[in-house]
1. Checking Gln36 against (1) at pLDDT 95 or above; (2) within 30 Å of Gly179 (Cβ to Cβ); (3) among the polar types (S, T, N, Q), only one condition comes out false. Which one?
2. If you go through region 53-65, how many residues are touching an Asp or Glu at 6+ places or on another chain (Cβ under 9 Å), crowded, with 20+ Cβ neighbours inside 10 Å and aliphatic (A, V, I, L, M)?
3. Taking only region 241-253 into account, find how many residues are touching a Phe, Trp or Tyr at 6+ places or on another chain (Cβ under 7 Å) and part of a strand (DSSP E or B).
4. Identify, by number, the condition in (1) among the basic types (Lys, Arg); (2) part of a loop (DSSP other than H, G, I, E, B); (3) under 21 Å from the mean Cα position of the chain (by Cα) that Arg132 doesn't meet.
5. Can you tell me which residues in region 127-182 are among the β-branched types (Val, Ile, Thr), at pLDDT below 75 and closer than 23 Å to Gly107 by Cβ?
6. Hey, among the residues in region 98-109 that are part of a strand (DSSP E or B) and not hydroxyl-bearing (Ser, Thr, Tyr), which one's surrounded by the most Cβ atoms within 10 Å (Cβ to Cβ)?
7. Are any of the residues in region 8-30 at pLDDT 85 or above, part of a loop (DSSP other than H, G, I, E, B) and either farther than 30 Å from Ala105 by Cα or of a type in the set (Gly, Ala, Ser) (or both)?
8. Only one of Arg305, Arg265, Arg294, Arg310 is out of contact with any helix residue (DSSP H, G or I) (no Cβ under 8 Å at 6 or more places or on another chain) and surrounded by fewer than 19 Cβ atoms within 10 Å (Cβ to Cβ). Can you tell me which?
Amino acid sequence: MRLLMIGCSVLTLVITWSGCQSFGLGQSYPAVVELQPSGTFEIATSPTLRLAQLVAANGAVYFLERSNTDAEIVKTDTTGRFIAAIKVPTDVSQVIVEDSNNIIALGKTRLGQRILDIEPSGVVKRETQLQRKVYRIATSGGRIVGWDEGEIFLQPGESGGLSIASTVALPSHAATLPGGRLAIIGAERPALWILRASGNVSQQVPLVAPEMKSETRTQQGVKHLTIFSVASNHNGEIFCAVSPYRGAEGGIVLEFDSNGVLKNRFRIALPMFPETEGRRDGRMTLSHIAVVNRTLFIGSTSEQRCVYYRLPVQ
């Protein structure tokens with residue numbers, strides 16, 4: 001394994017709102033599509049753990065659950081049927097699931113950050129101590145990719161460097177694309193960079209949609225990330241969960257193609273559960289998303305539940 005471091009069951013109801021809408025001078029966007037849940041399930045984990053990440057890979061869904069003293073990955077099928085619970089070191093903050101079902105994890109100990117190569121059974125078979133702090137990791141063309149402020153460098157055992165034409169502003173997300181490509185997506189200032197298997201990086205492409213505001217503070221002065229969770233599927237379609245949103249009106253998920261062109265605008269109905277009654281508007285909180293083919297999964301750091309939605313086929 002090479003390390004490439006870059007500096008840093010229910011029928012779905014689909015409702016379309018009023019055809020294409022125009023915004024600005026001659027600019028039109030896809031109509032908003034409202035989605036109702038196709039199903040929900042509880043995540044089989046300890047009540048002391050909280051969801052830190054939601055990942056879809058190889059037709060399964062993985063939930064990284066963490067506390068200050070424990071961490072595990074719960075694996076289910078796409079309907080919520082429990083498959084496995086995999087114990088991982090407590091310092092793990094992010095995971096990637098490879099085609100082989102091996103798990104690549106980013107962790108941090110008192111010695112610094114590290115990359116762990118974990119077998120499906122949970123056995124750590126390799127550890128790589130990082131010499132430079134990274135913000136996030138991903139995979140691209142069989143390599144592990146990490147980045148911080150946009151400077152690309154290769155390590156260990158590789159030399160040279162590349163520069164992203166316009167520095168990737170932190171925080172940012174990543175989504176794996178077909179052909180060994182990787183999409184890097186700005187969270188506060190929505191934009192797209194594509195890292196190709198050759199190592200070349202495309203020019204910055206702004207991501208544009210009516211739901212993405214230039215102001216990243218609410219009227220109450222609370223700062224938020226415009227894009228707070230990102231996922232992709234095997235077709236290279238990129239999905240972005242956007243804030244702020246009102247629970248009663250539904251969560252906002254936008255779909256872009258791999259060139260950054262807006263394809264769909266989804267409003268996803270957030271269900272109510274007994275544990276959400278009396279909190280906020282009584283709706284489940286949208287914290288994380290993942291996608292398998294044309295099925296969208298959402299998870300919450302507050303509730304041990306997953307909800308999934310069937311997306312319309314293009």
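The values are calculated or read from the model by the stated rules, or taken from the named source; none is laboratory data. Keep in mind the model is a prediction, meaning the values are calculated, not measured. We place every Cβ from the backbone using ideal geometry, glycine too, and count neighbours over all the protein chains shown.
1. All conditions are met except number (2).
2. Going through region 53-65 one residue at a time, the tally reaches 2.
3. Adding up the residues that qualify gives 4.
4. Condition (3) is where Arg132 drops out.
5. Ile152, Val168
6. Ranking the qualifying residues of region 98-109, first place goes to Ile103.
7. Among the residues of region 8-30, at least one is at pLDDT 85 or above, part of a loop (DSSP other than H, G, I, E, B) and either farther than 30 Å from Ala105 by Cα or of a type in the set (Gly, Ala, Ser) (or both), which makes the answer yes.
8. Matching residue, one of Arg305, Arg265, Arg294, Arg310: Arg294.
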